[in-house]
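The values are calculated or read from the model by the stated rules, or taken from the named source; none is laboratory data. Treat the numbers as computed from the prediction; the structure is a model and nothing was measured. With ideal geometry, Cβ positions are generated from the backbone for all residues, glycine too; neighbour counts draw on all protein chains shown.
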Amino acid sequence: MNVRLIKLTKEYYMQLSEMIDEWKKDIEENDTNSSPNAIFKNDYHDFDHYLDNLEIKEPKDGKVPDSVFFLLDTERNILLGAINIRHYLNDYLLNYGGHIGDGIRPSERRKGYATEMIRLALYECKKLGIDRVLMVCNKSNVASAKTIIKNGGVLENEFTGDNGKTLQRYWIEIE
């Protein structure tokens, strides 16, 4: 797999627009997941604003500082997905969000990219001083649970969220 995590820069505008457009179409047509929310919260057409507001620098409005990375296929020069790393947990993230939110664009799912993206993100977590990572997913999202487990995730518990769906909380110890 020739992939790596990158920080978004202006040179990746076209790759981002292709990925986001594909993803939004899939969300509309199939009611699929829009995770990580960080890449959908602003309109990428105003790219300078998008870049300036992609990450949260200071805690505010219940949000914690975070880092957003994109998974780049270096051979095809396309963005395969994105991952959002929250630098620490507040009460909400401890229950519902965890340290990491991630997603792979629809056309590239089920190819092992999510597992690799999480593996690479765990290195970034370590750099941030996070040695125990919480990941949360819907129990119905079996693919997501498998990628977490492949990266060392251990199920702590399941609970019913506010939306009535069963959520699973996994911890990953980083060595």
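So S144 clears everything in (1) of a type in the set (G, A, S); (2) farther than 22 Å from K7 by Cβ; (3) modelled with pLDDT of 95 or more except one condition, right? Which one?
(3)
Given (1) under 14 Å from the mean Cα position of the chain (by Cα); (2) in contact (Cβ under 8 Å) with a residue 60 or more places away in the chain, where does R119 come up short, assuming only one miss?
Among (1) under 14 Å from the mean Cα position of the chain (by Cα); (2) in contact (Cβ under 8 Å) with a residue 60 or more places away in the chain, the lone unmet condition for R119 is (2).
May I ask you to list the residues in the stretch 128-164 that are over 17 Å from the mean Cα position of the chain (by Cα) and assigned to a helix (DSSP H, G or I)?
none
Sort through Y170, Y123 and tell me the only one that's within 23 Å of Y88 (Cβ to Cβ), among the hydroxyl-bearing types (S, T, Y) and assigned to a strand (DSSP E or B).
Y170
Suppose we filter the stretch 88-114 for residues that are assigned to a helix (DSSP H, G or I) and small (G, A, S); how many remain?
3
For R169, are the conditions met, namely being within 22 Å of E55 (Cα to Cα) and of a type in the set (D, E, K, R)?
Spelling it out, it is not the case that R169 is within 22 Å of E55 (Cα to Cα) and of a type in the set (D, E, K, R).
Select from the stretch 18-34 the residues that are polar (S, T, N, Q) and outside any helix (DSSP H, G or I) and list them in ascending order.
T32, N33, S34 - these are the residues of the stretch 18-34 that are polar (S, T, N, Q) and outside any helix (DSSP H, G or I).
Give the residue that is nearest to D52 (Cα to Cα), with candidates limited to residues of the stretch 76-111 that are surrounded by fewer than 22 Cβ atoms within 10 Å (Cβ to Cβ) and among the basic types (K, R).
Per the criteria, the residue is R105.
Quick one: in the stretch 6-32, which of the residues that are surrounded by 18 or more Cβ atoms within 10 Å (Cβ to Cβ) and in contact (Cβ under 8 Å) with a residue 60 or more places away in the chain is farthest from G103 (Cα to Cα)?
Restricting to residues being surrounded by 18 or more Cβ atoms within 10 Å (Cβ to Cβ) and in contact (Cβ under 8 Å) with a residue 60 or more places away in the chain, the top hit is Y12.
Test M117 against the stated conditions and say whether it is over 15 Å from Y170 (Cβ atoms) and not in a loop (DSSP other than H, G, I, E, B).
yes
With the checklist (1) under 23 Å from K127 (Cα atoms); (2) not in a loop (DSSP other than H, G, I, E, B) in hand, flag the one item D48 doesn't pass.
(1)
Scanning for something charged (D, E, K, R), over 21 Å from L134 (Cα atoms) and buried (at least 16 other Cβ atoms within 10 Å of the Cβ), does the stretch 55-75 turn up at least one residue?
yes
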